[in-house]
Amino acid sequence: MEKKFEVSKLPAEVTVWTKIKNALFYEIKVELTPKQEKVFKEVHDFWNQEITGQKVKDFLFYEITGEKVKNFLFQEVKIIDNIKL
C-alpha cells in the first residue's frame with residue numbers, strides 16, 4: 001500500500017521572487033543587553049521627540065557668550081569605564 005500526500009500550498013518551482021520574499025521576511029529574534037536596550041530607547045526617544053517652532057527658534061537664536069564657551073571647553077570629563085591608553 002502506497003501512501004500519497006497532497007500538498008497544495010507549495011509553489012511548483014522556486015522563483016526569484018520566492019527567494020527574495022523568503023529573505024526579506026525571514027523571522028529573526030534579537031536579544032539585547034540592558035545597556036543596549038537603554039541606548040536604543042534613548043535613540044528612539046531622540047528621533048521621536050516633538051519639534052515645535054519655538055524649539056527651532058531657540059536653537060537657531062541661542063545666545064553664545066564667552067562664559068558659556070569657557071564653561072563648555074573646560075567642563076569636567078568623567079571616565080566611567082576602564083579605558084587604557
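Just so you know, all these numbers are worked out from the coordinates, no wet-lab data involved. Remember, predicted model here, so these are calculated numbers, not experimental data. Glycine gets a Cβ as well: all are built from the backbone with ideal geometry, and neighbour counts include every protein chain shown.
With a cut-off of at most 11 other beta carbons within 10 Å, and DSSP calling the residue loop, which trypsin sites (Lys or Arg not before Pro) in the stretch 22-85 qualify? Please list them.
On the way: sites: Lys29, Lys35, Lys38, Lys41, Lys55, Lys57, Lys68, Lys70, Lys78, Lys84; in loops: Lys29, Lys78, Lys84.
Those that pass, being in a loop and sparsely packed, are Lys29, Lys78, Lys84.
Through the Karplus equation 6.51 cos²θ - 1.76 cosθ + 1.60, θ set to phi - 60°, convert the phi angles of the stretch 50-55 into ³J(HN,Hα) values in whole Hz; use x for Gly and Pro.
Using θ = phi - 60°, the values come out as 7, 10, 10, x, 5, 5 Hz.
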